[in-house]
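The values are calculated or read from the model by the stated rules, or taken from the named source; none is laboratory data. Keep in mind that what you see is a predicted model, and the values were worked out from it rather than measured. Don't worry about glycine lacking a Cβ; one is built from the backbone with ideal geometry, like all the others, and counts go over all protein chains shown.
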Amino acid sequence: MPGTFVTVYVLAFDLDAHDQPVRAFEPRAAATEAAAIEEARALADRHAGVVVWKREGDPVVGEGGDPEIVFQSGKIGDFA
């Protein structure tokens, strides 16, 4: 659709004292879906969980679509 764009994000989670997933850092935008998945696989070795999701948006009307999970590994919490 004209005017729309897709943004891909990567986020890692660590576990808190109650074994619940908490964000290790703020979501990071990735250049491509493939780059995001590659980064997530590398992060999976150091974190309790990782997720990659994408969202389609239309800046003209100020709307963002629902998040679509592209890759996930381990234990994740709220991400979008």
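Taking region 25-49 only, how many residues are among the hydrophobic types (A, V, I, L, M, F, W, C) and surrounded by fewer than 16 Cβ atoms within 10 Å (Cβ to Cβ)?
Going residue by residue through region 25-49, those that are among the hydrophobic types (A, V, I, L, M, F, W, C) are 25, 29-31, 34-37, 40, 42-44, 48.
Add one more test, that the residue is surrounded by fewer than 16 Cβ atoms within 10 Å (Cβ to Cβ), and what stays is 25, 29, 31, 34-35, 42.
Final tally of qualifying residues: 6.
Among the residues of this structure, V52 does not count as one that is surrounded by 15 or more Cβ atoms within 10 Å (Cβ to Cβ) and in contact with a Lys or Arg (Cβ under 6 Å, 6 or more places away or on another chain). Does region 70-80 contain any residue that is among the β-branched types (V, I, T), over 13 Å from V6 (Cβ atoms), assigned to a loop (DSSP other than H, G, I, E, B) and modelled with pLDDT under 95? Checked region 70-80: no residue is among the β-branched types (V, I, T), over 13 Å from V6 (Cβ atoms), assigned to a loop (DSSP other than H, G, I, E, B) and modelled with pLDDT under 95.
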